[in-house]
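All remarks here apply to the structure that follows.
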Amino acid sequence: MEKLSVSIFKCPNCGAPMSFDAESGTFTCEYCGSVLTRQQLDTLTEQRKYVEAEPVTEGEPADPSQQVSLKEYICPSCGAQIVTNELTAATFCRYCGSPTIIENNLQGEFKPDLMIPFKVSKQQVEGIFAKWCHKGAFTPKGFYSKEQMERITGTYVPFWMYDCDVDLYMEGTGETSSTHRSGDYLITTHRKFRFARNGSFRFRKIPADASRKMDDDMMDKVEPYDYRDLKMFDAAYLSGFAAEKYDVDSPEAFPRVDERMSKAAEDKVNTTIGRYENRSITVKNKHYTMAHGYYAMLPVWLFTYKYKDKDYTFMVNGQTGKVVGEPPVSKLKVLLQGGILAAILWIIGMGVMIL
C-alpha cells in the first residue's frame, strides 16, 4: 500500500496545531493564542510535523459510479482514523480539529504553481451571506439560519490558468438602405459592402476550474479574483482549510477557456465593424499560441442550505466575498408585492381619470 505523507504546523509554545487565519493573514493557535506570520514560521525548526503512515484502508468506494478511491490515515495529533479520497490535498480531523496537509497529493504534476490565500474569514462570510439574504426581495423570512451556517467549508478549488495570444480574422458582408423622394416616387437605394477585420489579443491567466464536482456555471460566476494577491504556491496557507487536487486535466479544461477568449475577441472585433441593417460573417479564422499554462488553487467558501426538504447550494469568493447561488422564493412575498404594485397603479390610474 502507498504510504501517506501528511504534515501539520505545530505551535512553538504549546505544540497544538496552527491554522491560517484569513482575516488577519497570520497563523494562529486556538489553544494558547499564539500568532505567527509566515516569515516567523520559516524561522522555526520544529514548526511542521511530518508523518509517514500506512493507510488504514484503501479501496474502491461502495458506489461503483464514483471514480475516486477512499483512504484512511491516522491523525498525527489524536490518533483517530480519518477518511479521505484520493483527491484530497488538505483536510482536518473531525475528532480533534487538527488541520492536516496530505503531501502525496501536492507532489509532482499535482503541485500547484500559484495560489490566492483566503482573505475572507468564516465569521465575515456569515455576515455577508446574512446581508445578501435580507436584501432578497422575495427570499423567505426564515431562510437564513445561523445554525446551518456552521456547515460552511473553506476550500481551495483547483484551477487551470492560461496565457494565450489570439489572432482573429473575420470577413463578411453588410447592407445598408436609404430612401428619398423624387417627384411622385419614393426611391430606395440598397448598398452592399464587404468588410475584413484582423485583431491580435493577449489573454493572461484566464481561469477554468479543474474539479468535476464543482458546478462550472457557479464557478464562473464566483469570479473575478484580484490577481494582485496571486503568489507562488505555499502549502502552509492550506492549514485549516480543505483542498483538492485536480481531476480535470489541462487539455480537457482548455475548451471552456477557449470559448471565453473567442467570445471576448469576437465582441471586440465586432465593435470595429460599421452598423449595417443586414450583416453576415462569411469567413472566421482563429489562431492562438499558448504561452503558458498554470495550475492554481483559489479560495471558495462552500455550503449547502436545506430549506423545506430542498437543498440550495451557495458559494462565496474567499477573497472578495462575492456570493453566488439562488435562494428560494417566498410566494407570499411575491403576492404581497404584486398586490401593492397593482394598488399603486390603480391609484395612479384613478388620479389621471379624475384630472
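Structure above, values below:
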quantity	calculated
Entries in Lys10/Lys119; Lys122/Lys245; Lys122/Lys221; Lys71/Lys213; Lys221/Lys263; Lys131/Lys263 that, when Cα-Cα distance is taken, lie over 26 Å	Lys131/Lys263
Cα convex hull volume per residue for segment 132-253 (Å³)	267
Separation between Cα centres of segment 303-319 and segment 193-244, rounded to whole Å	22
Thr282 paired with Lys192, simple spin-label distance in nm, labels 7 Å along Cα-to-beta-carbon	0.8
Descending principal axes extents, segment 216-266, alpha-carbon based, whole Å	42, 26, 21
Computed lengthening from Phe110 to Asp226, 0.36 nm per intervening residue step minus Cα-Cα distance	39.4 nm
Accessible carbon and sulfur surface of segment 188-325 relative to its total accessible area, %, 1.4 Å	48
Low-density loop positions, trypsin sites (Lys or Arg not before Pro), segment 184-225 - DSSP coil, at most 16 other Cβ in 10 Å	Arg212, Lys213
Hydrodynamic radius by Kirkwood, which averages 1/r over all alpha carbon pairs of segment 240-334, in angstrom	18.6
Using a Förster distance of 30 Å, the FRET efficiency for Glu23-Lys268 (Cβ separation, nearest 0.05)	0.15
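The values are calculated or read from the model by the stated rules, or taken from the named source; none is laboratory data. All of these numbers come straight from a predicted model, not from anything done at the bench. Because the Cβ atoms are built from the backbone with ideal geometry, glycine has one as well, and the counts that use them run over all protein chains shown. What goes into the accessible areas is simple: the full protein's heavy atoms, side chains included, and nothing from ligands, DNA or RNA. Shrake-Rupley method; radii C 1.70, N 1.55, O 1.52, S 1.80 Å.
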